[in-house]
Amino acid sequence: MKMLNPVFRRELITALRNRRTFMAVGAYVLFLLAMAAFMLYASIRLDFIEGFHPQITITIYNLLSGIQLALIILLVPAITAGQINGERERQTLDLMLVTKMSTFTIVVGKLLSSLMLVLLMIVASVPVFGAFVYFGAVSPAKLLEQTLFMLVTATMAGSVSILCSIVFKRAMVAYVFSYFVMLLLTTITAAVVGSIFNVLHTTHFNNMQLGGIFVPFILSLQWRELFTWLLALNPVVGFLSLQDAQSGTVSLDSFLTQFLFNFQDVRLTTQLPLWLVNIWINIGLSCVFVGLSSWLLMPARRLGKFSFS
Amino acid sequence: MLELVNLVKKYGKVTALDGINLHIASESIFGFVGPNGAGKTTAMKIITGLLAATSGEVRVGGANQVQSRHALAEKIGYMPDFFGVYDDLKVSEYMDFYAGTYYIPYSGRRAVIDRLLDLVNLTDKRDEYVDLLSRGMKQRLCLARSLIHDPEILVLDEPASGLDPRSRVEMKAVLRQLRSLGKTIIVSSHILPELSEMCTDIGIISHGKMIATGTVDDILRNLHSARVIQIRPLDGVEKLTDFLRTKLEAGDITQSMGGVEFPFAGDDSALAALVKDIVNNDIGLVAVSEKQGSLEDVYMQLTNPEHAAETETISVS
């Protein structure tokens, strides 16, 4: 008979017994509902023309989705980066390592346990976002795409934090490093691309001024490819690309094409949109981090000479 | 059966285990004795697969076969020198978790858990939170946990540390019961009288070297330079002393508690002959006994730094 991951099962028992789990999920859903209601109400009240504008629901949907992404990026490391260190402090890690469970099972169990709350929040918020389907802000298929994007981003953030929890024996260092990696992915990639672009663009602009003839700024294909890959690492860019693909109101593609890619479609040679590339990259990163975590957690990686009968 | 063959563990320049050789027979209780930092826990962690030896071999069961962590986990149950409990779980849930870690089917778990809780006398606590258990109960719960997959070999690191006298007695009783069920038990402790009562064999480890192994009785007999004999006469301690002076070295004979005490280098037949001589000389005897040396004496003698410098394994069989 197939068994549930023992570590996840244990955490599930304690989490389901804990009233705070439900309170946190409930409070989050209520918060999203309240935000949506407030923004809808405000948009109607502040409008000089009486009546409801369906266009506003797209903006509200995008804003609430942004809040959810921020929550994932901020909350997942906070819950996950202490997982393995917590077992160390409780002195239960060795006890798990001498059992028949593989370190992969332990890491996956810990990852699932720590993502449980966030996954519950994401799933519980689907009906709230579903209301926007009713308003016409988003199609059901697009809503599913967004839910998938959030789940994959949460898994990537969780696997980074688990790895930090194994590498750094001190919990505080693990927390700091997890947040640093998330900062690197969400901000620093964009900042690096932005800075390089800025330098190139300014140089180009000055050169053109000297020539007196306007020549459009065109980046070479290799540069475009490199920048796109760098940006595809960034969950925030992936999210903006998803919103752009969904509603067209977030003009990430037009911003990038206008300034960075010279009116070319923001697509890699794979012909996939940025958000989908971001999903695949995050799945890949999660696998690498979980694999590395399992390897590092293994006690006595070289078991030494043992013989059995 | 468990065998350590020339086991070495080095941490950088520090040698924690320096060529340990050990043979532990099946269904025995082996006591690991040694001062703090002697290498007991290191050896135990290597046996359980938590640490890799720098060199040497651990043989579980005797023959040379596969190398796998999974197979090792199946054969060995480990109880470290700390509790390692989840306070937010109930006793039965705690046991159920560890049953899961050994992939015991859901259907068979309840019976296994009930049997083990009964063994460690915690049946009435099965629905209580682990947090609410006393130290002794937590220790017994940990023992039950280490038995959840019915291992052949139990490795117990300081199982009686911090327990009150009643809990210690209970722990000893459980270990004896486990031995009778066919388990091979390796136990480390600082409490020597307890080990001498409980263990079939002991090994004394110091500075990473095994300096003596054997049964408790043999170690006591062989490592004391001579046996000390106590004789209590019916009357006339002086007469007995005078007689013994003709037979033994005078300086060694001391009078105490209405009798005499002296070291005796001969074997049992020599002692019987001496007793016969005394009786033939009209000295009435009430008691002849051999003074019990303590394991502590031997331990102190073997683990002192002067001795450590010249250690070589004393194997007593």
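The values are calculated or read from the model by the stated rules, or taken from the named source; none is laboratory data. On a predicted model such as this, the values are computed, not experimentally measured, just so you know. Here Cβ is always computed from backbone atoms with ideal geometry, including for glycine, and neighbour counts include all displayed protein chains.
Summary table
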{"item": "Test: residue in the stretch B:56-66 that is within 11 Å of chain A (Cβ to nearest Cβ), part of a helix (DSSP H, G or I), closer than 25 Å to A:L297 by Cβ and in contact with a helix residue (DSSP H, G or I) (Cβ under 7 Å, 6 or more places away or on another chain)", "result": "no"}
{"item": "Any hit, the stretch B:103-125, residues being more than 7 Å from chain A (Cβ to nearest Cβ) and touching a residue at least 60 places away in the same chain (Cβ under 8 Å)", "result": "no"}
{"item": "Close pairs from the stretch A:281-309: first within 13 Å of chain B (Cβ to nearest Cβ) and modelled with pLDDT of 90 or more, partner surrounded by fewer than 16 Cβ atoms within 10 Å (Cβ to Cβ) and not in a loop (DSSP other than H, G, I, E, B), Cβ under 6 Å, at least 6 apart", "result": "A:S294/A:F104"}
{"item": "Tally, over the stretch A:96-132, of residues that are among the β-branched types (V, I, T) and outside any helix (DSSP H, G or I)", "result": "2"}
{"item": "Residues of the stretch B:79-102 satisfying the condition of being modelled with pLDDT under 90, more than 19 Å from A:L97 (Cβ to Cβ) and either at the interface with chain A (Cβ under 8 Å from one of its Cβ atoms) or touching a Lys or Arg at 6+ places or on another chain (Cβ under 7 Å) (or both)", "result": "B:D88"}
{"item": "Sole residue being surrounded by fewer than 21 Cβ atoms within 10 Å (Cβ to Cβ), of a type in the set (G, A, S) and modelled with pLDDT of 90 or more, chosen from B:A111, B:A144", "result": "B:A111"}
{"item": "Test for A:V123: is it surrounded by 15 or more Cβ atoms within 10 Å (Cβ to Cβ) and among the β-branched types (V, I, T)", "result": "no"}
{"item": "Of the criteria (1) closer than 22 Å to B:A43 by Cα; (2) crowded, with 21+ Cβ neighbours inside 10 Å, which one B:K183 fails", "result": "(2)"}
{"item": "All strands (runs of 3 or more DSSP E) inside the stretch B:155-215 with 1 or more residues being among the charged types (D, E, K, R), modelled with pLDDT under 85 and under 18 Å from B:Q139 (Cβ atoms)", "result": "none"}
{"item": "Meets criteria (at pLDDT 85 or above, of a type outside the set (A, V, I, L, M), more than 35 Å from the chain's Cα centre (by Cα) and surrounded by 11 or more Cβ atoms within 10 Å (Cβ to Cβ)) for B:E261", "result": "no"}
{"item": "Evaluation of B:G236 against (1) small (G, A, S); (2) free of Cβ contacts under 8 Å to residues at least 40 places away in the same chain; (3) surrounded by fewer than 19 Cβ atoms within 10 Å (Cβ to Cβ) (one fails), failing number", "result": "(2)"}
{"item": "Yes/no for B:G31 being touching a helix residue (DSSP H, G or I) at 6+ places or on another chain (Cβ under 7 Å), more than 9 Å from every other protein chain (Cβ to nearest Cβ) and within 26 Å of B:D201 (Cα to Cα)", "result": "yes"}
{"item": "Residues within the stretch A:89-105 that are more than 7 Å from every other protein chain (Cβ to nearest Cβ), touching a residue at least 60 places away in the same chain (Cβ under 8 Å) and crowded, with 17+ Cβ neighbours inside 10 Å, tallied", "result": "2"}
{"item": "Search result, residues across the stretch A:124-149 that are in contact with a Ser or Thr (Cβ under 8 Å, 6 or more places away or on another chain) and in contact (Cβ under 8 Å) with a residue 12 or more places away in the chain", "result": "A:V126, A:F129, A:F132, A:F135, A:G136, A:A137, A:V138, A:Q146"}
{"item": "Qualifying residue in the stretch A:11-18 (condition: among the basic types (K, R), at pLDDT 90 or above, over 16 Å from A:I162 (Cα atoms) and assigned to a helix (DSSP H, G or I))", "result": "no"}
{"item": "Single condition B:F82 does not satisfy, out of (1) touching a Ser or Thr at 6+ places or on another chain (Cβ under 9 Å); (2) assigned to a loop (DSSP other than H, G, I, E, B)", "result": "(1)"}
{"item": "Complete set of residues in the stretch B:4-25 that are out of contact with any Asp or Glu (no Cβ under 8 Å at 6 or more places or on another chain) and in contact (Cβ under 8 Å) with a residue 40 or more places away in the chain", "result": "B:K9, B:K10, B:T15, B:A16, B:L17, B:D18, B:G19, B:I20, B:N21"}
